[in-house]
Amino acid sequence: MDGNGRWATERGLPRSEGHIAGAKVFRKIVDYSHDIGIEVVTFYAFSTENWKRPPSEVAALMKLFKEYLTEADETKYDRRERGYILRIIGDTGRIPKELQKLVDRTQLDATQENTTTINIALNYGGRQEILHSVKLIAERVQKGELKPSKITEDDISAGLYTAGMPDPDLIIRPSGELRLSNFLTWQSAYSELYFANVLWPDFTTDDLDAAIMDYAKRDRRFGGV
Ligand code: FPP
């Protein structure tokens, strides 16, 4: 969800106003993703590198996450009935305790088919996630449960925060930047990439449609011919 800061600066507003506008767009795109039947959608909300931002900006973001997670907790059963479940992916052991509690409370398993899983990547870093998985594997090796020669790609995938979820078909980056910035590093190996030249607070359901229509025209070969 990139470009919030630039969007605010262009309007002479503090960067936190860009995040507030971005949070509104996030809610709209969550609903639209569900309406059009996307099974899993992952939003990059806070990276392991974002702690380097000024404390006031970090605090403003944590406030927005708290508001959203509180709302998600209060409405979780109703949302599940309507076909949404929430997952938080990332190193949640290092986010503020009150957010950790909310994260635990909001996670419900799906009870019906056609459910959309909304992943929010919070304190997430792709390399950090791979490292986390490698440590789990090393522990199994140390205990004698797994031989190094028997380690598979599936073992690595199983230790990621997205275990059990499909790899992303399409990754959309708004704001005109042409990089993935540590997002789903392992899972994106064969993802189609789409770069939208629009700042996240200006991103609309039409932009999502355009990305999906572009994706639909692509020929995915996964290394084959
Ligand atoms: C990157 O834009 C955006 C972020 C680091 C924060 C994204 C978070 C939200 C949209 C808040 C709402 C989220 C939820 C889940 C309620 P940037 O600030 O780096 O923009 P810039 O590159 O223009 O400076």
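General observations
- Any hit, region 129-137, residues being surrounded by 15 or more Cβ atoms within 10 Å (Cβ to Cβ), more than 30 Å from A8 (Cα to Cα) and in contact with a strand residue (DSSP E or B) (Cβ under 7 Å, 6 or more places away or on another chain): no
- Each residue in region 1-19 was checked for being part of a loop (DSSP other than H, G, I, E, B) and near the ligand (Cβ under 9 Å from one of its atoms), and 3 pass.
- Residue within region 80-97 that is open to solvent by 70 Å² or more (accessible area, probe 1.4 Å), within 12 Å of the ligand (Cβ to nearest atom) and not in a helix (DSSP H, G or I) present: no
- Filter result for V58 (surrounded by 12 or more Cβ atoms within 10 Å (Cβ to Cβ), in a helix (DSSP H, G or I) and within 13 Å of the chain's Cα centre (by Cα)): no
- One residue stands out in region 22-45 among those that are part of a helix (DSSP H, G or I) and within 8 Å of the ligand (Cβ to nearest atom): the one that is surrounded by the fewest Cβ atoms within 10 Å (Cβ to Cβ), namely R27.
- Residue in region 58-68 that is hydrophobic (A, V, I, L, M, F, W, C) and more than 11 Å from the ligand (Cβ to nearest atom) present: yes
- Tally of residues being surrounded by fewer than 19 Cβ atoms within 10 Å (Cβ to Cβ) and not in a loop (DSSP other than H, G, I, E, B) across region 172-206: 7
- Meets criteria (in contact with a Phe, Trp or Tyr (Cβ under 7 Å, 6 or more places away or on another chain), within 26 Å of A163 (Cβ to Cβ), touching a residue at least 60 places away in the same chain (Cβ under 8 Å) and more than 6 Å from the ligand (Cβ to nearest atom)) for T48: yes
- Restricting L64, L122 to residues that are in a helix (DSSP H, G or I), touching a helix residue (DSSP H, G or I) at 6+ places or on another chain (Cβ under 8 Å) and within 24 Å of N182 (Cβ to Cβ) narrows the list to L64.
- E71 among the acidic types (D, E) and either within 26 Å of E177 (Cα to Cα) or touching a residue at least 24 places away in the same chain (Cβ under 8 Å) (or both): no
The values are calculated or read from the model by the stated rules, or taken from the named source; none is laboratory data. None of these values were measured; they are calculated from a predicted model. Methodologically, a virtual Cβ is constructed for each residue, glycine included, from the backbone with ideal geometry; neighbour enumeration extends over all protein chains shown. These accessible areas exclude ligands, DNA and RNA; they are computed on the full protein's heavy atoms, side chains included. Shrake-Rupley method; radii C 1.70, N 1.55, O 1.52, S 1.80 Å.
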